[in-house]
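Rule-based calculations on the coordinates, nothing more; no lab input. Note that this is a predicted model, so its numbers are computed, not measured. So basically every Cβ, Gly included, is an ideal-geometry build from the backbone, and we count neighbours across all protein chains shown.
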Amino acid sequence: MFNDQKVSFSGVQPSGNLTIGNYLGALRNFSTYSEAYKTFYCVVDGHAITVRQVPADLRRRTYETLALYMACGLDPNKNTLYVQSHVHEHAELSWILNCFTMFGELSRMTQFKDKSAKHADNINAGLFTYPVLMAADILLYQTDVVPVGIDQKQHVELARDIATRFNAVFPDTFTIPEPVVAKSGMKIMSLADPTKKMSKSDENVNAVVYILDDRDTIIRKFKRAVTDSDTCVRYAEGKDGINNLMSIYSCFTGKTNEEIEREFEGKGYGDFKAAVGEVCADALAPVQEKFNAFLSDKAQLEAQMKKGAEEASYYARRTLSKVQKKIGFVQVK
Ligand code: ATP
Ligand code: LTN
């Protein structure tokens with residue numbers, strides 16, 4: 001908390017084209033806090049390089065992710081929107097927190113295990129200490145709430161543990177953050193394998209609906225979604241494909257599972273899949289329109305990045321110098 005105002009912080013990696021998983025699980029929830037909280041939403045390019053990136057793509061996606069933040073309703077005058085590498089305090093606090101994080105804790109992180117299996121040729125130290133940089137992101141801003149998808153809950157819990165450990169040695173340093181996972185949309189699954197999380201780095205483009213997919217593509221992808229051999233639309237254990245489509249439909253319409261089952265009574269999967277495609281395309285159309293407008297003005301985006309970094313740095317500097325003082329680093333003015 002800064003100046004009696006609660007703080008919301010979250011981040012998205014510019015590591016690929018953003019998906020409806022990112023939208024429903026994270027982005028669309030960010031603006032909930034814009035009015036009552038001090039909000040920081042960061043494009044975490046430092047996290048993205050834990051997996052090999054093509055520099056030109058990383059650069060382009062950094063602009064795109066910022067434009068998407070704005071297209072999802074985050075007004076840069078009400079929210080601090082910025083790029084992680086523009087605020088060097090993230091890297092500096094991360095080093096200090098590395099010295100307060102245990103090897104065993106990091107070894108237990110599910111994302112590390114998944115990503116090191118997927119990128120067996122590049123299990124670098126950054127991939128391992130990724131959650132420490134994430135803890136630094138969060139703790140620098142004395143964050144109260146962190147809106148994320150369920151896959152990131154474990155990392156936010158680690159940030160809490162690190163903060164608690166640090167505070168035990170140096171009292172009153174960090175606010176202990178709380179992960180906030182939306183009830184609906186916390187884990188959107190792949191359309192090709194509904195037991196797997198929909199992920200922007202999936203090689204199969206048909207498994208993933210991107211926020212920027214055009215209407216026809218969205219409808220085609222939902223039509224092809226893997227389901228089961230049952231015919232009626234109902235939510236039940238083992239029906240992962242249909243359960244996933246129902247939760248996507250529910251996110252876009254606000255309807256409950258019972259309402260959806262009633263609406264599609266006597267209709268087959270084909271009708272239901274078409275309806276999911278329609279509501280998704282309808283919801284994304286205004287986001288896409290705004291995105292294109294924001295992206296077409298690069299100078300304006302750069303001005304926003306600069307303004308955001310200046311705002312963020314002010315708060316980041318305060319926490320970092322408090323930490324440096326507490327641990328015994330000499331400060332000369
Ligand atoms: P990558 O494939 O590069 O690991 P990702 O698609 O998992 O990326 P992130 O940048 O790691 O995306 O996540 C940004 C935010 O979106 C996080 O809060 C994460 O929990 C959320 N998120 C990502 N995928 C999903 C999903 N399928 N369902 C719900 N939330 C998601
Ligand atoms: N690790 C997150 C992205 C991320 C983040 C953060 C989310 C980096 N720093 C701080 C919330 C708060 C991810 O992979 N989705």
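A few comments on the model shown:
- For the range 110-266, a/c is not less than 1.5, where a ≥ b ≥ c are the root eigenvalues of the C-alpha gyration tensor, and a/b tops b/c. That puts it in the prolate class.
- Rg(Cα)/(2.2 N^0.38 Å) for the chain, N = residue count: 1.04
- Subset of Lys115/Lys197; Lys183/Lys255; Lys118/Lys183; Lys78/Lys322; Lys223/Lys267; Lys38/Lys298 violating a 21 Å alpha-carbon distance limit: Lys118/Lys183; Lys78/Lys322; Lys38/Lys298
- Where only DSSP H runs of four or more residues are counted, the chain gives -16000 deg cm²/dmol as its mean residue ellipticity at 222 nm, each run worth -39500 (n - 2.57).
- Working note: Karplus 6.51/-1.76/1.60 with θ = phi - 60° gives the range 44-60 the couplings 8, 5, x, 5, 4, 7, 5, 10, 4, 10, 7, x, 5, 5, 4, 4, 4 Hz, where Gly and Pro are set to x.
- Working note: Karplus 6.51/-1.76/1.60 with θ = phi - 60° gives the range 125-139 the couplings 5, x, 5, 6, 8, 2, x, 6, 5, 5, 5, 4, 3, 6, 6 Hz, where Gly and Pro are set to x.
- Dipole magnitude of the chain, debye to nearest 20 (Cβ charges: Lys/Arg +1, Asp/Glu -1, about Cα centre): 800 debye
- Rounded, prolate or oblate (a/c below 1.5 giving rounded, otherwise prolate when a/b exceeds b/c) for the range 138-221 by Cα gyration tensor: prolate
- Residues Thr62, Thr253 in ascending order of nearby Cβ atoms (within 10 Å, fewest first): Thr253, Thr62.
- Exposure proxy ranking for Cys99, Cys280, based on other Cβ atoms within 10 angstrom of each Cβ and starting from the fewest, stands as Cys99, Cys280.
- Options Thr217, Gln331, Val279, ranked by Cα towards positive dipole end of the range 189-333, top entry (Cβ charges): Gln331
- In terms of other Cβ atoms within 10 Å, Leu68, Leu93 run from fewest to most in the order Leu93, Leu68.
- Among beta bridges that DSSP assigns inside the chain, antiparallel share in %, nearest 5: 20 percent
- Angle in degrees between helix 298-327 and the longest Cα principal axis of the chain, rounded to the nearest 10: 50 degrees
- The range 20-28 - phi-based ³J(HN,Hα) in whole Hz, Karplus 6.51/-1.76/1.60, Gly and Pro as x: 5, x, 4, 5, 6, x, 10, 2, 6
- Each of Ser199, Ser313, Thr227 was placed along the dipole of the chain (beta-carbon charges, centred on the mean Cα), and the one lying farthest toward the positive end is Ser313.
- The range 19-86-the range 245-266 distance, computed between alpha-carbon centres (Å): 29 Å
- Distribution of pairwise C-alpha distances over the range 56-95, 10 Å bins, in %: 26, 42, 30, 2
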